[in-house]
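Coordinate-derived values only; no laboratory data. These numbers come from a predicted model, not from an experiment. Note that each Cβ is placed from the backbone with ideal geometry, even for glycine, and that neighbours are counted across all protein chains shown.
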Amino acid sequence: MSESPKKPGRTASEVGKSNVRNGKSHERRMAHLLTEFTGQEFRRRRVTGRDQGTIDRESTSDVISSRGLCAFSIEGKAGKGFSLDALMASPETSLFTKWWFQATYDANLLTNAIKKTIYPMVMFKPIPAWDWVAVSKKGFSEQLVHKGVFPIILYEGFGNRTYTMSVSHSDRSKQILDQNLDDVVFCRWKTFAENIDADSLFYTR
């Protein structure tokens, strides 16, 4: 009997396009969740890059508010690979640390640009059916107003220590830099939305 022909694997280009589609879909979901939560419209950022002109026009956040100054630069991650065990075992090499490093970099860029403290936030999916949020410990305690006590995971493995990693500075360039990372509060998005005052996500001008 002759063997059945094997199906070819996806090319790097096909994988890249699929990741872009998944990323855009996740950003649209983020915008929907944040709009529903706050009552203010959020949308995907229309331009990429992190030069000063882009920051002035569109912030650094993957999704931005059409009204009001959000106190958080929000990074969206729909990709597979999140592992709390990996973060606990080796924060220097875990995928989440790379996400958190980029989110912190973006928040710092915006802080320097507008002269107000902007905190990092990551909205991500540990598995396709779940929505989770990670917020800097400082942002969680200094900016957000809590309606009550609710379940969180407090990760204190970063301890404001310095990490050296690569970040995407623009569409075509990356930078290696040193940066301190704040500790992180993890929470289910549904629980977050039920127990955080939505107005506290914003600065009042």
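Count Lys and Arg as plus one, Asp and Glu as minus one, and take only other residues whose Cβ is under 9 Å from that of H26; the net charge is then +3. Distance between the 7 Å Cα→Cβ label points at I176 and K98: 1.6 nm. Within the straight-line cut-off of under 18 Å between alpha carbons, the lysines reachable from K24 are K77, K80, K125, sequence neighbours fewer than 8 places apart in one chain being disregarded. Dividing the radius of gyration of the alpha carbons in region 71-113 by their Kirkwood radius gives 1.05 for Rg/Rh.
As a rough guide to protection, the peptides 37-44, 107-114, 174-181 ranked by mean Cβ packing within 10 Å, highest first, stand as 107-114, 37-44, 174-181.
Length gained on full extension, R67 to D85, computed as 0.36 nm times the residue gap minus the Cα-Cα distance: 2.7 nm. Taking amide hydrogens as placed 1.01 Å from N in the peptide plane, the amide H of I118 sits under 5 Å from those of T111, each at least 5 positions away in sequence or on another chain.
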